[in-house]
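Trainee: Below you'll find the structure I mean.
The values are calculated or read from the model by the stated rules, or taken from the named source; none is laboratory data. A quick note: this is a predicted structure, and the numbers were derived from the prediction, not measured. Methodologically, a virtual Cβ is constructed for each residue, glycine included, from the backbone with ideal geometry; neighbour enumeration extends over all protein chains shown.
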Amino acid sequence: MSIIKGDAKSLSIAASSVLAKVWRDRYMEEVAEKYPEYGFDTHAGYGTTAHLEAIRQHGMTPEHRRSFKPVLEIANKRLYSKE
């Protein structure tokens, strides 16, 4: 069941949201050590211009979510590029 603005209505939803963000931030720090050329420590995996440019330059890592439309578009361009 979805609860609109659930973190404002439920302490457990709010707490789980904070825990998830802290876990993701720490995980992104680990990924940044493994793949420093992508800048995961600065954009935390969000599709910033710099992050997308790094994917264009270096390709994708196993960490990249291929279902995310901008990543999928880059992957398709690389796959079908005549370069």
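Trainee: Show the residue pairs meeting these rules: Cβ distance below 8 Å; 6+ apart or different chains; first residue within the range 51-72 and within 19 Å of residue 33 (Cα to Cα) and without any contact (Cβ under 8 Å) to a residue 60 or more places away in the chain; second residue in a helix (DSSP H, G or I) and of a type in the set (Gly, Ala, Ser).
Mentor: 60/75
Trainee: Could you check residue 23 against (1) modelled with pLDDT of 95 or more; (2) farther than 30 Å from residue 58 by Cβ and say which number it fails?
Mentor: Every listed condition holds for residue 23 apart from (2).
Trainee: Moving on to the next point. Just one of the numbered conditions (1) modelled with pLDDT under 90; (2) more than 11 Å from the chain's Cα centre (by Cα) is not true of residue 53; which one?
Mentor: Just one mismatch for residue 53, condition (1).
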